[in-house]
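Structure record follows, encoded as structure tokens.
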């Protein structure tokens, strides 16, 4: 989907208006792994009891596969009892089960809401999660010629980004500078075009010295570390240099 396309219109067209945006940040590959595992192993007409699933989860020497079986089956039980059990487990489970427990709890909540409302609910999940009607994005800006941000440029950048994020109905969660890179974490409404937000912000910032590069990295799958960002930017620059040579 083009970034210029209104995400809300896309969701409404294909999924309807009964959807929930997932708030937690969970690796997208883990989410896909969970869904595939659940599809292969859950038999809705032959589910173990919530008590049996819970006993497996808390048994001392249960291996990770059996715990995953217990989680996906507990999520499919569609009862308040199973939801409460998942809620408790998610709050105190071992680190290697945390993401799976979060997804199972989310799925259990979805099943219950669908039953209570008598309408099928749809989950909108990304790697970085979201909040209410907003999706979380990680944006990476850089200076021209890869020169370090000066204190003045940092202040201008922070002021203008904060203004435009709020003007678009979003929430600014984080701005971190390192050398010539600015890492920004924002929540943006699904009813607004992200593509409209970016050029307007850069254009305004560049009125104060024309120091910001117009190329931006932006995604809602993961938050990259500065080492990962620098590696990606270096690869991007190498590709552009090759094109120039050709």
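Report the dimensions of region 27-124 along its three principal axes from the alpha-carbon atoms, largest first, rounded to Å.
40, 29, 25
What whole-number volume per residue, in cubic angstrom, does the convex hull of the C-alpha atoms of region 153-232 give? Intermediate results must be reported in sequence, preceding the final value.
Details: hull volume 7.6 nm³, N = 80.
Given the Cα convex hull of region 153-232, per-residue volume reads 94 Å³.
Test of understanding: ordering 138, 166, 213 by Cβ neighbours within 10 Å, fewest first, what list do you get?
Working: 138 21, 166 11, 213 15.
Fewest-to-most Cβ neighbours within 10 Å comes out as 166, 213, 138.
Going by how many other Cβ atoms sit within 10 Å of their own, how do 39, 61 line up, fewest first? Let's see the in-between values first.
Numbers: 39 9, 61 5.
Listed from fewest to most nearby Cβ atoms, that is 61, 39.
Rule-based calculations on the coordinates, nothing more; no lab input. Keep in mind that this is a model prediction, so the values were computed, not measured. FYI the Cβ positions are ideal-geometry reconstructions off the backbone, even for glycines, and counts take in every protein chain you see.
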